[in-house]
Amino acid sequence: MASDNLPSEFDVVILGTGLTESIIASACSRVGQKVLHIDRRNYYSSKWAGFNFNSLLSWIEEYKSQQGSQSTEDVAEWRKKLEDGEEVLPLSADDSFITNLEVSCYASLEAEEEEATEALSPAAPPPTEPEEETKGEGESSPDVTQETPTGIETQHTQEDGGCGVQEEGALQDASQSEEIQEKKQQEDSTAGPPCSAKEVKKKKITYADLVKEGRRFNIDLVSKLIYSRGSLVDLLIQSKVSRYTEFKIVTRILTYRQGRVEQVPCSRADVFASKQLTMVEKRMLMKFLTFCLDFEQHPEGYQEVSDQPFWEFLQTKKLTENLQHFVLHSIAMVTKETCTEDGLKATQHFLRCLGRYGNTPFLFPLYGLGEIPQCFCRMSAVFGGIYCLRHSVQCLVVDKETNGCKAVIDTHGQRISCSHFVVEDSFVRQRWKNTEEGHISRAVLITDRSVLPTDSDQQISLLTAPPLEPGGPAVHVVELCSSSMTCMPGTFLVHLTCSSKGTAREDLESLIARMFYVPSSPGEELEEGDERNGRPTVMWAMYFNMLDISRMDGSDGFDLPSNVHVCTGPDVNLGCDYSVKLAEKIFHQLLPEEEFCPPAPDPEDIIYEGVATQGEGSGFEENPKTEDSPLQSDGDGLENHPESEKEPAEVEAPIQETPSEE
């Protein structure tokens with residue numbers, strides 16, 4: 001809606017479009033509240049936003065240009081809008097939420113010169129596109145969920161002209177393609193025999209390629225995964241917001257140990273198929289994980305040491321050092337100082353999330369995490385929420401007698417009455433009661449290969465790296481492939497996140513130097529046989545710190561009127577539970593008698609006046625969509641889908657509820 005014709009009265013005014021604020025907007029609109037949802041930025045999702053590569057570069061330039069600048073509002077203009085017994089409470093003009101931003105480019109900057117050199121080389125084989133290029137060619141048709149890995153490989157074999165990897169049964173087509181390719185080589189006066197898969201040299205990606213294909217990237221400022229039995233999945237199913245997006249399954253859990261990247265066996269099938277564990281270790285691990293799954297039923301096994309460190313508890317269970325590492329860092333994902341009971345709860349939560357939608361506990365939304373807040377915004381808009389970007393609130397109008405917020409004055413000088421005001425924490429930072437804050441260290445890398453290559457380069461991986469030094473932070477590493485729709489084919493997008501001890505570069509550079517090869521100059525060439533060739537090469541990197549005040553208990557940590565509610569976050573944890581629970585808490589403060597995010601009706605269930613309904617009942621008993629969906633939940637979380645036995649990459653669909661949930 002245009003900012004110059006906004007209504008003058010709302011039930012709830014929300015400033016900021018992050019995950020927590022968007023959930024609240026959706027919940028309030030759904031129960032009939034009149035909601036105005038605005039953001040001073042020109043994009044949705046606020047701190048949770050995702051950008052394509054070109055937009056991110058523009059965002060970085062804008063951030064640098066705004067450093068140290070402060071806008072000055074005319075307080076006298078505000079006071080003209082006040083009535084007797086009212087006072088103004090100005091909001092912060094500085095909404096910056098990151099610090100120590102550093103960007104480095106290591107890809108070659110000489111794209112045109114390199115292409116000219118290749119064209120003049122008579123012995124050079126025809127350039128081949130990266131293996132996943134066929135998947136990204138139809139950018140105008142983003143429905144990648146219709147392509148199974150088998151279909152992709154078959155299509156790619158036919159297009160490779162015999163130079164790529166061939167499947168059995170496709171040899172005849174491949175030989176015909178070789179003949180065609182050979183004729184083309186003769187016509188172009190090029191010499192050399194037909195190329196084999198091993199002889200094809202992967203095309204070098206330059207900075208110009210990253211910019212040219214920039215729209216294929218979706219780079220999130222916040223890196224999180226979604227637990228398959230976490231509060232966010234429950235909310236997506238309950239509210240039916242899941243219809244607005246699709247998800248990929250995280251295909252593997254990795255760890256970094258003794259200078260090597262290893263895959264962690266976490267499901268029963270993975271444990272017994274693992275070649276990293278001996279038969280004795282497999283039995284020990286399965287016995288321990290079975291105990292953790294219902295440890296509350298066996299208090300004699302842990303109560304006496306519940307307050308002792310979880311690390312010591314693992315040692316008393318006589319687990320080998322190998323198993324202790326897997327459980328502590330990659331399954332429970334806690335520190336050595338975490339108490340035993342908390343470690344058991346974390347392990348139990350991980351195990352209960354296994355098998356719901358795949359062989360790991362995690363989901364990742366297609367096009368990035370920044371899609372999730374926008375999904376809740378769409379639901380709010382469906383039920384009457386009004387949205388306006390590039391628009392903000394200058395100050396609150398407070399009743400001196402009741403100390404409650406009566407209205408807000410926006411950046412155009414319009415006074416808007418409201419019963420409640422919800423605001424992102426960065427807009428009220430001057431009202432903090434204390435300075436108990438932390439920071440998150442983040443790094444985003446674009447690399448040329450996976451940290452653990454396999455036969456398929458379409459892997460979404462979570463790697464937890466233990467502290468490299470005593471007292472240092474553990475680092476969550478999320479590696480995304482092109483099928484997640486977050487990076488161009490032939491590249492990987494890597495997110496690193498940890499609690500801050502210093503700047504982001506100081507906290508993460510050491511681990512990056514060990515796991516990746518960082519060129520000393522853009523376009524640096526590696527010699528054949530160089531030991532660094534085994535590691536992914538970093539083509540582009542961004543470091544920054546993000547403020548984390550999640551430890552402040554919502555609005556209780558701010559000196560604000562009673563009906564002003566503050567959304568803090570995101571936090572440093574891997575999941576989204578904190579933001580979802582905070583949204584529910586604030587909603588119940590706003591509307592204690594209302595249900596939080598009740599299910600939205602399906603279009604076929606809406607009865608229009610004068611239109612006859614088809615059939616009786618709700619129609620959920622015969623819903624082909626829920627019967628065919630590979631991602632379903634039966635409400636009690638005890639589903640056993642045959643699809644979960646497939647390769648994880650095949651399972652791509654919206655999370656949907658089954659009839660039993662209704």
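Just to be sure I understand the filter: pairs with C-beta atoms under 8 Å, separated by 6 or more residues or on different chains, first member in the range 267-281 and in contact (Cβ under 8 Å) with a residue 24 or more places away in the chain and among the hydrophobic types (A, V, I, L, M, F, W, C), second member open to solvent by less than 50 Å² (accessible area, probe 1.4 Å) and in a helix (DSSP H, G or I). Which pairs pass?
Pairs found: L277/V271; L277/L285; L277/N322; L277/L323.
Taking only the range 353-371 into account, find how many residues are β-branched (V, I, T) and either modelled with pLDDT of 95 or more or open to solvent by 10 Å² or more (accessible area, probe 1.4 Å) (or both).
Here is the first cut: in the range 353-371, the ones β-branched (V, I, T) are 360.
Okay, now just the ones that are also either modelled with pLDDT of 95 or more or open to solvent by 10 Å² or more (accessible area, probe 1.4 Å) (or both), so none.
Going through the range 353-371 one residue at a time, the tally reaches 0.
Counting only residues that are closer than 16 Å to I98 by Cα and of a type in the set (F, W, Y), how many does the range 11-67 have?
The qualifying residues number 4.
Counting only residues that are assigned to a helix (DSSP H, G or I) and open to solvent by 10 Å² or more (accessible area, probe 1.4 Å), which one in the range 488-508 is nearest to L101 (Cα to Cα)? Even if it seems obvious, please write down each step before you answer.
Our first condition is that a residue be assigned to a helix (DSSP H, G or I); within the range 488-508, this holds for 504-508.
Subset that is open to solvent by 10 Å² or more (accessible area, probe 1.4 Å): 505-507.
Values: R505: 9, E506: 12, D507: 13 Å.
So the residue we want is R505.
Quickly run through the range 378-401 and pick out the residues that are open to solvent by 10 Å² or more (accessible area, probe 1.4 Å) and either free of Cβ contacts under 8 Å to residues at least 24 places away in the same chain or part of a helix (DSSP H, G or I) (or both).
R378, A381, V382
What is the residue count in the range 411-423 for residues that are among the hydroxyl-bearing types (S, T, Y) and part of a strand (DSSP E or B)?
Here is the first cut: in the range 411-423, the residues among the hydroxyl-bearing types (S, T, Y) are 411, 417, 419.
Among the residues that remain, those that are also part of a strand (DSSP E or B) are: 417.
Within the range 411-423, residues that are among the hydroxyl-bearing types (S, T, Y) and part of a strand (DSSP E or B) number 1.
Residue under question is K406, and the condition is that it be surrounded by fewer than 22 Cβ atoms within 10 Å (Cβ to Cβ), out of contact with any Ser or Thr (no Cβ under 7 Å at 6 or more places or on another chain) and not β-branched (V, I, T); does it hold?
Details: surrounded by fewer than 22 Cβ atoms within 10 Å (Cβ to Cβ): yes; out of contact with any Ser or Thr (no Cβ under 7 Å at 6 or more places or on another chain): no; not β-branched (V, I, T): yes.
Considered against the rule, which asks whether it is surrounded by fewer than 22 Cβ atoms within 10 Å (Cβ to Cβ), out of contact with any Ser or Thr (no Cβ under 7 Å at 6 or more places or on another chain) and not β-branched (V, I, T), K406 comes out as no.
Please go through the range 297-310 and pick out each residue that is part of a helix (DSSP H, G or I), at pLDDT below 90 and not polar (S, T, N, Q). Break it down into steps so the answer makes sense when it comes.
Quick first cut of the range 297-310, residues part of a helix (DSSP H, G or I) only: 297, 299-301, 303-305, 310.
Checking which are at pLDDT below 90 leaves us with 299-301, 303-305.
Scanning the range 297-310 gives P299, E300, G301, E304, V305.
If you check S96 against the conditions, is it crowded, with 17+ Cβ neighbours inside 10 Å and either of a type outside the set (K, R) or modelled with pLDDT under 95 (or both)?
Working: crowded, with 17+ Cβ neighbours inside 10 Å: no; either of a type outside the set (K, R) or modelled with pLDDT under 95 (or both): yes.
The answer is no for S96.
Go through (1) of a type in the set (S, T, Y); (2) at pLDDT 95 or above; (3) not in a loop (DSSP other than H, G, I, E, B) for S426 and report which single condition fails.
Here S426 meets the rest and fails (2).
So if I check each of F350, F313, F291, which one is among the hydrophobic types (A, V, I, L, M, F, W, C), assigned to a helix (DSSP H, G or I) and free of Cβ contacts under 8 Å to residues at least 12 places away in the same chain?
Values: F350 fails: free of Cβ contacts under 8 Å to residues at least 12 places away in the same chain; F313 fails: free of Cβ contacts under 8 Å to residues at least 12 places away in the same chain.
Among F350, F313, F291, only F291 is among the hydrophobic types (A, V, I, L, M, F, W, C), assigned to a helix (DSSP H, G or I) and free of Cβ contacts under 8 Å to residues at least 12 places away in the same chain.
Pairs please, first residue from the range 469-495 and on the phi > 0 side of the Ramachandran plot, second anywhere and among the aliphatic types (A, V, I, L, M), Cβ atoms under 9 Å, 6+ apart in sequence or on different chains.
Partner pairs satisfying both residue conditions: M485/V144; M485/L366; G490/I205.
Could you tell me whether the range 289-303 includes any residue that is of a type outside the set (G, A, S) and under 30 Å from C377 (Cα atoms)? If you could, list the steps in order and put the result at the bottom.
The initial filter retains those residues of the range 289-303 that are of a type outside the set (G, A, S), namely 289-300, 302-303.
From the residues that got through so far, the ones that are under 30 Å from C377 (Cα atoms) too are none.
No, every residue in the range 289-303 fails to be of a type outside the set (G, A, S) and under 30 Å from C377 (Cα atoms).
Within the range 74-93, which residues are modelled with pLDDT under 85, more than 23 Å from G16 (Cα to Cα) and in a loop (DSSP other than H, G, I, E, B)?
Hits for the range 74-93 are K80, K81, L82, E83, D84.
For residues that are in a helix (DSSP H, G or I), modelled with pLDDT of 95 or more and out of contact with any helix residue (DSSP H, G or I) (no Cβ under 6 Å at 6 or more places or on another chain), scanning just the range 1-31, find the one that is most open to solvent (accessible area, probe 1.4 Å). Step through it out loud before you land on a result.
The first filter runs over the range 1-31 and keeps only residues in a helix (DSSP H, G or I), leaving 3-5, 19-30.
Checking which are modelled with pLDDT of 95 or more leaves us with 19-30.
Next cut, out of contact with any helix residue (DSSP H, G or I) (no Cβ under 6 Å at 6 or more places or on another chain) only: 21, 28, 30.
On the way: E21: 9, C28: 0, R30: 59 Å².
Checking each candidate, the answer is R30.
Counting only residues that are assigned to a strand (DSSP E or B) and of a type in the set (V, I, T), which one in the range 246-282 is most open to solvent (accessible area, probe 1.4 Å)? If you could, list the steps in order and put the result at the bottom.
So the first thing to find is which residues in the range 246-282 are assigned to a strand (DSSP E or B), and the list is 247-249, 252-257, 260-263.
After this cut, where a residue has to be of a type in the set (V, I, T) as well, the list is 249, 253, 255, 261.
Working: I249: 4, I253: 5, T255: 0, V261: 32 Å².
Filtering first and then ranking leaves V261.
Before we move on, is L445 under 24 Å from I205 (Cβ atoms) and assigned to a strand (DSSP E or B)?
On the way: under 24 Å from I205 (Cβ atoms): yes; assigned to a strand (DSSP E or B): yes.
Yes: the conditions hold for L445.
Is one or more of the residues making up the range 360-369 under 27 Å from N52 (Cβ atoms) and of a type in the set (G, A, S)?
yes
Is it the case that Y207 is at pLDDT 90 or above, open to solvent by 30 Å² or more (accessible area, probe 1.4 Å), of a type in the set (F, W, Y) and in contact with a Gly (Cβ under 6 Å, 6 or more places away or on another chain)?
Numbers: at pLDDT 90 or above: yes; open to solvent by 30 Å² or more (accessible area, probe 1.4 Å): yes; of a type in the set (F, W, Y): yes; in contact with a Gly (Cβ under 6 Å, 6 or more places away or on another chain): no.
So Y207 fails the test.
Among (1) at negative phi; (2) in contact with a helix residue (DSSP H, G or I) (Cβ under 9 Å, 6 or more places away or on another chain); (3) open to solvent by less than 30 Å² (accessible area, probe 1.4 Å), which single condition is G413 missing?
Condition not satisfied by G413: (1).
Would you pick out the residues in the range 451-466 that are open to solvent by 10 Å² or more (accessible area, probe 1.4 Å) and touching a residue at least 60 places away in the same chain (Cβ under 8 Å)?
Taking the range 451-466 first, the residues open to solvent by 10 Å² or more (accessible area, probe 1.4 Å) are 451-459, 466.
Hits for the range 451-466 are V451, L452, S456, D457, Q458, Q459, P466.
Which one of S108, S104, S55 is part of a loop (DSSP other than H, G, I, E, B), open to solvent by less than 80 Å² (accessible area, probe 1.4 Å) and at pLDDT 80 or above? Please lay out each step first, then the result.
Values: S104 fails: part of a loop (DSSP other than H, G, I, E, B); S55 fails: part of a loop (DSSP other than H, G, I, E, B).
Within the list S108, S104, S55, the selection yields S108.
The values are calculated or read from the model by the stated rules, or taken from the named source; none is laboratory data. In this text, all values refer to a predicted model and were calculated from it rather than measured experimentally. Virtual Cβ from ideal backbone geometry, glycine too; neighbours counted across all protein chains shown. In case anyone asks, the SASA skips ligands and DNA or RNA and just uses the protein heavy atoms, side chains included. Shrake-Rupley method; radii C 1.70, N 1.55, O 1.52, S 1.80 Å.
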